[in-house]
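The values are calculated or read from the model by the stated rules, or taken from the named source; none is laboratory data. What you are looking at is a predicted structure, and each value in this text was computed from that prediction instead of being measured. All Cβ positions, even for glycine, are placed from backbone atoms using ideal geometry, and neighbour counts span all protein chains on display.
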């Protein structure tokens, strides 16, 4: 069963917005379990968003729409379901062009690449869709996050969830203008500060509308390939190389990327622990979309690796439309099972370092220090 079919069935069963099972196109064979035997037709069916209960009135912040195809697919599906999607992006003008492409394509039952996402004749009326709104925010520059949050707060919108999906992949060692290694800065630290500063809006909205607020960090199974660090018997023994976060010493593209993806899980884990202590109505999780082409190329970053990646990609990578089922499920399902790490729309077990409370606590403290300011410190109390 595909990820999107599982997401659809789970949300339908627990009162989610996707509504009853879709009609099967004529001439398509279906087995007793209701699964479309044709893979092509199955993907067309699960890609069709026909909602009996929409996401109208809900607002989500999504990062990475300009750079991450999975983030763009999530934003499109939320938009089609009627939600207001605030896209945190570096260049608002360029983002508006991309978002207009999504609007036009959705009106014709297509995705942004022009591929059909719905059975013929099922295009969405623009009045049924939500909003796609770009707001300037460069996660590689911590100062722009403060500006984004102030702009968001000035709109007086409610906030139902945050999807942290900006995903940098670099082969060569590089740092941001603030001197922070780019994987760590963009994939983790920027999201840490963003969610910290928007937390009061999440708590306030959840308390007002009676729905659990959500923070979803897009992580990866490559978190297993982080650096192995031994620091004695008191400090965390492995996972995050705190002593060389911004140093080229011992740099590995896969290790650095894996470290940032491990940080995504640890961030969700520690935030969830702190939220539980305050009984605030917000849930924090990490989710994976499966292996992407960029991640495959990063894991094969050696001479000839790109050729191997091209050959292996059709076999080992996950289709975007199928992979984004999990973060969407985590973001919008009325109820989530216990757990912090989600794969294929269900809770799963992540690596041992990602479940180390000492490592999670130290990462939190180091992240607060790197954000360098009281404004970035999270106060987990109800407003």
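Quick check on region 366-383: of everything there that is in a helix (DSSP H, G or I) and loosely packed, with under 12 Cβ neighbours inside 10 Å, which residue is modelled with the lowest pLDDT?
Of everything passing the filter in region 366-383, 374 is modelled with the lowest pLDDT.
Between 165, 208, 174, 248, which is in contact (Cβ under 8 Å) with a residue 40 or more places away in the chain and farther than 30 Å from residue 279 by Cβ? It is 248. Quick check: is even one residue across region 323-336 modelled with pLDDT under 85 and either touching a helix residue (DSSP H, G or I) at 6+ places or on another chain (Cβ under 9 Å) or buried (at least 21 other Cβ atoms within 10 Å of the Cβ) (or both)? Within region 323-336 (the criterion being modelled with pLDDT under 85 and either touching a helix residue (DSSP H, G or I) at 6+ places or on another chain (Cβ under 9 Å) or buried (at least 21 other Cβ atoms within 10 Å of the Cβ) (or both)), the answer is yes, since at least one residue qualifies.
Condition first: surrounded by fewer than 20 Cβ atoms within 10 Å (Cβ to Cβ) and more than 22 Å from residue 158 (Cα to Cα). Now tell me which residues in region 67-95 satisfy that. Within region 67-95, 67, 90, 91, 93, 94 meet the criteria.
Can you name the residue in region 28-80 that is at positive phi and out of contact with any helix residue (DSSP H, G or I) (no Cβ under 8 Å at 6 or more places or on another chain) and is also modelled with the lowest pLDDT among such residues? Applying the filter and picking the extreme gives 34.
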